[in-house]
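A.B. asks: Once you've had a glance at the structure underneath, I'll fire off some questions.
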Amino acid sequence: MTDHPNFVEIRHAQKSFGTVEVLKDISLTVERGQIVGIIGSSGSGKSTLLRAINDLDPLTGGEVWLDGVQVNQKLPHRQYEKHINQMRQQVGMVFQHFNLFPHMTARENVTMAPMMLHGLSKEEADKLAEEQLDHVGLLERIDYYPSQLSGGQKQRVAIARALAMKPKLMLFDEATSALDPELVEEVNQVMRKLAQEQMTMIIVTHEMDFAASVCDRVLFMDQGVVVEEGPPEILFKNPTKDRTRAFLRKHL
Ligand code: ADP
Ligand code: MG
C-alpha cells in the first residue's frame, strides 16, 4: 500500500442540516501517526465533522480522503455500500456512550465484527479478543457482560472492539465525558498507549490537559469553522484569536 503523507484529508467540508450550516468550509489534514485534538463549545460541529470522516453524516460539500481514497464518493447504491463498508472497516470509532451489545460478553463484543467481516474462525477471533482485551487491561473481565463492568471498563471494551478490526485511524468523540471523574484516567491511559504505538487518531475532547499532553495538534472549532489550530503548547499558551481566548478562559 502506498504511503500518503496526508493520511486523512478533509477538503472544504461543508454541511447543512436543512437551512442550518453547521460546517463551513473546513479543511484539515492528518498525517500518518499524528494525533489531532478537536476542542470547542457544544454545538460547534465537532461530532458532525468526525462523523463525516466515515460518511455517517455525509457532507453536503467538500471531500474526505483516507489513505489516498475518497471516502464520500458518489457511486451507484450497490457500489457505494461496498465501498463505504470497506472504508468504515479501516476507521475505529469510540463515542461518548459505550454502545456495547448488552447481551454479549466483552469477548463476544470484540469477536463479532472480525468473525462476520474479516472471516475469522471462532478460535482466531478468541485469540484476537484475548490480545485486544489484554491490551486495554481487561483480560480478566473477558467473559463479563457490560452490565457487570464499570463505565471506564465498558469504554475500554469499546476501544478493544474497535482495535480488533485493525483500523488505520481511530476517532474518539468525547470518549470520557460520560464517565465519573475517577474513571476518566483509565480510558485516557489506553489512548496514551495507542499514541505511543503511533496510531493515527482524531480526538474530540473537553479535557484540555489531556489534549495538551497527547495531541500533536489541536483545533479549536466554533460555529462550524476552525477558528485556530496549532501545537498544544502554542494554542493553549498563546492563542491569537479572541474567540479562542474566550473559550480557553472558561475551560482551562
Ligand atoms: P458538537 O459535537 O460540537 O457539540 P455537533 O456536530 O453535534 O456539535 O452539532 C453541530 C450543530 O449541528 C448543532 O447546532 C446541532 O444542533 C446540529 N445538528 C447536529 N446533528 C443534526 C441533525 N441530525 N439534524 C439537525 N441538526 C443537527
Ligand atoms: Mg459532539
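The values are calculated or read from the model by the stated rules, or taken from the named source; none is laboratory data. Worth saying up front: this structure is predicted, and the values here are computed from it rather than measured. In this analysis, Cβ positions are derived from the backbone assuming ideal geometry, glycine residues included, and neighbour counts consider all displayed protein chains.
A.B. asks: Which residue pairs have Cβ atoms closer than 9 Å, lie 6 or more positions apart in sequence or on different chains, and pair a first residue in region 218-239 that is of a type in the set (D, E, K, R) and at pLDDT 95 or above with a second residue that is part of a helix (DSSP H, G or I) and surrounded by fewer than 19 Cβ atoms within 10 Å (Cβ to Cβ)?
C.D. replies: Hits for this filter: ASP222/ARG243; GLU228/ARG243; GLU233/ALA212.
A.B. asks: Next question. So which residues in region 14-69 are assigned to a loop (DSSP other than H, G, I, E, B), of a type in the set (Asp, Glu) and more than 16 Å from ligand 2 (Cβ to nearest atom), if there are any at all?
C.D. replies: GLU31, ASP55, ASP67
A.B. asks: Among (1) buried (at least 18 other Cβ atoms within 10 Å of the Cβ); (2) under 28 Å from SER177 (Cβ atoms), where does ALA125 come up short?
C.D. replies: (2)
A.B. asks: Report yes if LEU139 is surrounded by fewer than 22 Cβ atoms within 10 Å (Cβ to Cβ) and out of contact with any Lys or Arg (no Cβ under 9 Å at 6 or more places or on another chain), otherwise no. Spell out how you get there, then give the answer.
C.D. replies: Working: surrounded by fewer than 22 Cβ atoms within 10 Å (Cβ to Cβ): yes; out of contact with any Lys or Arg (no Cβ under 9 Å at 6 or more places or on another chain): yes.
When the stated conditions are applied, LEU139 passes them.
A.B. asks: Name the residue that is nearest to HIS12 (Cα to Cα), counting only residues in region 24-54 that are among the charged types (D, E, K, R), more than 14 Å from ligand 1 (Cβ to nearest atom) and touching a strand residue (DSSP E or B) at 6+ places or on another chain (Cβ under 7 Å).
C.D. replies: ASP25
A.B. asks: Looking at this structure, is GLU229 out of contact with any strand residue (DSSP E or B) (no Cβ under 6 Å at 6 or more places or on another chain) and either over 24 Å from HIS97 (Cα atoms) or of a type outside the set (D, E, K, R) (or both)?
C.D. replies: Judged against the criteria, GLU229 is not a match.
A.B. asks: Anything in region 96-145 that is away from ligand 2 (no atom under 16 Å from the Cβ), assigned to a loop (DSSP other than H, G, I, E, B) and touching an Asp or Glu at 6+ places or on another chain (Cβ under 8 Å)? List them, or say none. Explain how you work it out, then say what you get.
C.D. replies: We begin by selecting, within region 96-145, every residue away from ligand 2 (no atom under 16 Å from the Cβ); these are 100-145.
Then drop every residue that is not assigned to a loop (DSSP other than H, G, I, E, B), which leaves 100-105, 119-121, 136-138, 142-145.
Residues satisfying the conditions are PHE101, THR105, GLY137, ILE142.
A.B. asks: When you go through PRO76, PRO58 one by one, which is the residue that is more than 16 Å from ligand 1 (Cβ to nearest atom) and more than 14 Å from the chain's Cα centre (by Cα)? Walk me through it before giving the result.
C.D. replies: Values: PRO58 fails: more than 16 Å from ligand 1 (Cβ to nearest atom).
When all the criteria are applied, what remains is PRO76.
A.B. asks: Considering only region 168-175, I want to know if a residue exists there that is part of a helix (DSSP H, G or I) and surrounded by fewer than 23 Cβ atoms within 10 Å (Cβ to Cβ).
C.D. replies: No, region 168-175 contains no residue that is part of a helix (DSSP H, G or I) and surrounded by fewer than 23 Cβ atoms within 10 Å (Cβ to Cβ).
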